1. Looking only at the stretch 28-67, which residues are under 18 Å from residue 106 (Cβ atoms) and of a type in the set (A, V, I, L, M)?
2. Identify, by number, the condition in (1) outside any loop (DSSP other than H, G, I, E, B); (2) at pLDDT below 95 that residue 52 doesn't meet.
3. Could you list, in sequence order, the residues of the stretch 20-37 that are touching a strand residue (DSSP E or B) at 6+ places or on another chain (Cβ under 8 Å) and crowded, with 19+ Cβ neighbours inside 10 Å?
4. Which of the residues belonging to the stretch 135-169 are within 15 Å of residue 51 (Cα to Cα) and either part of a strand (DSSP E or B) or among the hydroxyl-bearing types (Ser, Thr, Tyr) (or both)?
5. Condition first: assigned to a strand (DSSP E or B) and either loosely packed, with under 10 Cβ neighbours inside 10 Å or without any contact (Cβ under 8 Å) to a residue 40 or more places away in the chain (or both). Now tell me which residues in the stretch 63-95 satisfy that.
6. Could you give me the residue pairs with C-beta distances under 9 Å whose first residue belongs to the stretch 132-156 and is surrounded by fewer than 12 Cβ atoms within 10 Å (Cβ to Cβ), whose second residue is among the hydroxyl-bearing types (Ser, Thr, Tyr) wherever it lies, and which are 6+ apart or on separate chains?
7. From the residues in the stretch 23-48 that are closer than 24 Å to residue 143 by Cα and touching a residue at least 60 places away in the same chain (Cβ under 8 Å), which one is farthest from the chain's Cα centre (by Cα)?
Amino acid sequence: MGRYTIISEISQKIVDLLCEGMVPDIITDKNGIGLCGPDEKGDFSVGVYLYNIEENYDFKQSGMINVNYKEQKFPPLVLSLYYMITAYSSSDIKFRAIQEQRILGRVMQILADNSIINGSDFGNDVMGADIRIELLNLSIDEKIKLWNDNTKPYKTSICYKITPVELESTKGRRISRVTEFTVKLQDTLKE
């Protein structure tokens, strides 16, 4: 099951996918893609921002999970992770918009081509479910609210939902199973 590091591992997987697909053709260095808020981009050309985490009730499990014949664990917390991805070009002003649009187009292409991640690679052991990357259709008002920086104009960004992600429970319990039983038959028929 997913460790407490599962959220950061998924975030890093997104960065790694983008690096594999963009470096060196579009972004010159893998250090140009990273995790950051829209208002703290630093030297990044592509910023990946985890803006929300929610429980995914569609995959919520009830009941204990058998670890072995003497132990059970509580079910994992199943999450949906929400990301905003923004392109930042340092090109001359007359080329900046076109460069950022190319970057966003490539990001969308990479994430569409890799829209299914093997769930067992990230600890989705209980459900065995693959993790999906879905493009969200947020309104411009919703995106502006996520932007976080009122001093700078909003930059065109794309948003994604990644789910289901299992966060393992550390709580468990010992159990004892019936290992032996006796059956006593009695003839109750009278002749």
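The values are calculated or read from the model by the stated rules, or taken from the named source; none is laboratory data. It should be emphasised that the depicted structure is a prediction, and the values quoted were computed from it without experimental measurement. Using ideal geometry, Cβ is built from the backbone for each residue, glycine included, and neighbour counts are taken over all protein chains shown.
1. Matches in the stretch 28-67: 33, 46, 48.
2. (2)
3. First, pick out the residues of the stretch 20-37 that are touching a strand residue (DSSP E or B) at 6+ places or on another chain (Cβ under 8 Å): 22-23, 27, 32-37.
Selection gives 22, 27, 32, 33, 34.
4. Result: 135, 157, 158, 159, 160, 161, 162, 163.
5. To start, the set of residues in the stretch 63-95 that are assigned to a strand (DSSP E or B) comprises 65-68, 71-73, 77-87.
Hits for the stretch 63-95 are 66, 68.
6. Short answer, once both residue conditions are applied: 140/154.
7. Filtering the stretch 23-48 down to residues closer than 24 Å to residue 143 by Cα leaves 32-48.
From the residues that got through so far, the ones that are touching a residue at least 60 places away in the same chain (Cβ under 8 Å) too are 37-39, 46.
Numbers: 37: 17, 38: 19, 39: 22, 46: 18 Å.
Looking at the filtered set, the residue picked out is 39.
For (1) modelled with pLDDT of 85 or more; (2) small (Gly, Ala, Ser), each residue gets a yes or a no:
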residue	(1), (2)
124	no, no
133	yes, no
140	yes, no
153	no, no
157	yes, yes
164	yes, no
